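Derivation of every value follows stated rules applied to the coordinates shown; laboratory data play no part. Note that the structure is predicted; figures quoted are calculated from it, not measured. For neighbour counting, all protein chains shown are included, and Cβ atoms are generated from backbone atoms with ideal geometry for every residue, glycine included.
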Amino acid sequence: MQFGSKFKIFKNFLSDLIFPKSCFNCGKSGIWFCHECYNRVILNSNIRCPFCKLPGGILGQTCFNCRKTHFLDGVIAATEYKNTVIKKLVHKYKYDLIKDLEKPSGWLIADYIEALKEKSPDFFKDVDFVVPVPLSVKKTLARGFNQSELLSKRLSNHFKWPMAVNSLQKIKSNKRQVNQKKIGRRQNVRDKYALKDKFKFKSKKIFLIDDVATTGSTLDECAKIMKKAGAREVWGIVLSQD
Ligand SMILES: [Zn+2]
Ligand SMILES: [Zn+2]
C-alpha cells in the first residue's frame, strides 16, 4: 500500500470520528445517502419550459415564446426541487458542504440522462463540452469545492463527454439570490461571467452543469455569453429544478 492511500484511509478515519456519517434523510449510520432513500427519489416527469414553466416537449426545451428573450435552448432537470428528499439533499450538498454527496447527486443525473437517451439517442450523440457553472475564486476557496464542477466531472467520465473547466469564469460575485424577486435575480447575474477563450465554443453544443435551476437566470446568462461567442446549442443540465 502506498503512503498516499494509507494517508487517505487515515484521513477518512479521522473525519469519520469527527463527523460520523449518517443518511441525511433517514439517519441510517455509515453512509451519507442510503440505498433505500436513493431509490425513493422520483426522477422528473414534469417536463416544462425552464422560464415560463409551461409543460411540453420531452427534454425541457425553452418554449417558442421564451426563446425571443432567452439564450438557453433548454434545461434537463433530473428531479424536482419540491421533492422533500431532493430539497434536503441539495441543502446538505450545497450549504452544509458535504462533498461526498456529489456521487449520488451525479448518479441521479446520469440515471435520468440514460433514460432520456433511450427516447432521444441522437440528441446526446453530438455533445462537444460539459461546462460547470463557475463560482468566484473567493467562494471556491471558502467552500473548498465547486459542486457544479464535481457533477461535471462525474458526467464527463460517465458519458465520455469532454469537460471544459476554467473556460467560463465568474468575474464578479453576486449578492445572495435567496429571497430576491425574479427581475432582481436577472439583473443580479448580468455581466458576472466571462469567457477566457472566445473561440473554444464556436459552433459547439454545450451542456452547462449546475445543481439547481430556479429562475434559470444564471444558466441563461452563461448561455448568452456562449451564444455570442458562436456556440451552436447551450443546454442546462441540473440535479433539480424549482
Ligand atoms: Zn436513508
Ligand atoms: Zn417558456
Discussion item. Can you divide the C-alpha Rg of segment 43-241 by 2.2 N^0.38 Å and report the result to two decimal places?
Written reply: 0.94
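Based on other C-beta atoms within 10 Å, arrange 150, 59 from fewest to most. Each step should come with its number before you reach the end.
Working: 150 20, 59 16.
Least crowded to most crowded, the residues run 59, 150.
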Response to the item:
Under the 7 Å Cα-to-Cβ spin-label approximation, residue 202 and residue 40 lie apart by a distance in nanometres of 5.2 nm
Worksheet item: What list of ³J(HN,Hα) values in whole Hz, one per residue of segment 39-55 in order, does the Karplus curve 6.51 cos²θ - 1.76 cosθ + 1.60 (θ = phi - 60°) give from phi, with Gly and Pro shown as x?
Response: 5, 7, 6, 9, 6, 5, 10, 9, 7, 8, 5, x, 9, 8, 6, 6, x
Worksheet entry | Descending principal axes extents, segment 36-95, alpha-carbon based, whole Å | 42, 24, 14
